[in-house]
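Read-outs: derived from the displayed coordinates by stated rules, not from any lab. The shown structure was predicted, so the numbers you read here are calculated from the model rather than taken from an experiment. Here the Cβ is made from the backbone with ideal geometry for all residues, glycine too, and neighbour counts use every protein chain on show.
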Amino acid sequence: MLTMHWGGWPVTVALGALGLAGLGYATLIEPGSPVLERLTLRLPQLPPALEGLRIGQLSDMHLGLLHTTQNTRWSVQQMLREQPDLIVITGDFVTLPGAIAEIGDLLRPLHAPLGVYAITGNHDYWEGIDEVRAAVEALDIHLFFNGNVRLSWQGTEFYLAGVDDMWYGAPDLDATLAGIPADAFTILLAHEPDFAENAAVRGVDVQLSGHTHGGHIHMPGLGALCLPRMGVHYAGGFEQVGPMQLYVARGLGGVPVRFNCPPEATLITLTRGEGRGRG
């Protein structure tokens, strides 16, 4: 129990200690404590054959910063253990160019029945897009730059597409969706979540994004405190954008300061039904 005396000195010390403890947790503990988010995405238009399809999502590894190598290695282990049907990576592989060499060592074990697919993010452009592209494409990972692929699951076809980075790339949604039938179930990978406004009016059913890191610091009553350009409208989690469902992952790396916003690897199960996605 705190007692007010000496001009409030014990209270000041206690509050200062509490602040230092919080700062220590936010800088030393939470950034290196990733979690596996198990989520269900309800979609009334989901083809019956895709009921129960599981998608593993990794995002914003930001290799080169504190905790990022261990967080990425942990997340790959989770994907191998959970064995999702499809794995996607939604950009920002690196933050320092010297870490590009880590991409192969860390991500080479990834595999899934429907394959592993990825897009790049703004940091990949900043640190050397040609080098990042070469490192990723040397693996068994398909890297999208405004393109799509037709996939088949239990006799039903659907499409996975990936658009180039909204910030530093050359995003072309017409090219990204070219050849996809109007009534086809379509999942789009877009690094920046604010691209959802464009995708929602083009028949995309689901957009998977990253970029925001959940805002790094999430305070009750205040929400996400640190949001980047092109990630200000959708900080994290599920959002309904017109007829489209958006999921924004908090990612695995970034500046090593997080509070109430742990790094995440994501496992999304698709199911038919009304309402938003849920944990």
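Some points to look at:
- Cβ crowding within 10 Å ranks Thr72, Thr212, Thr27 as Thr27, Thr72, Thr212, fewest other Cβ atoms first.
- Close amide H pairs (under 5 Å, H built 1.01 Å from N) link Ile217 with Leu225, Cys226, Phe259, residues at least 5 positions away or on another chain.
- Cα-centred dipole magnitude for the chain, charges only on beta-carbon of K, R (+1) and D, E (-1), debye, nearest 20: 900 debye
- The relative contact order of region 7-271 comes to 26 percent, based on Cα pairs under 8 Å that sit 6 or more residues apart.
- Multiplying the residue separation of Glu157 and Leu225 by 0.36 nm and removing their Cα-Cα distance gives an extension gain of 20.4 nm.
- Between Gln240, Gln45, Gln154, the GNM of the chain built on Cα springs shorter than 10 angstrom shows Gln154 fluctuating the most.
- Share antiparallel - DSSP beta bridges, region 7-271, percent rounded to 5: 35 percent
- Note on region 43-179: Cα-only Rg and Dmax are 15.2, 46 Å.
- Derived scalar couplings ³J(HN,Hα) [region 257-262; Karplus, 6.51 cos²θ - 1.76 cosθ + 1.60; whole Hz; x for Gly, Pro]: 9, 9, 9, 6, 7, x
- Over the chain, the hull volume per residue, using the convex hull of the C-alpha atoms, is 140 Å³.
- Here the Gaussian network model covers the chain, with springs between Cα atoms less than 10 Å apart; of Asp130, Asp164, Asp92, Asp130 fluctuates the most.
- Ordered by the number of other Cβ atoms lying within 10 Å of each residue's own Cβ, fewest first, Val257, Val204, Val116 fall into the sequence Val257, Val116, Val204.
- Under-5 Å amide H pairs with Met166, H placed in peptide plane, nonlocal only: His191, Glu192
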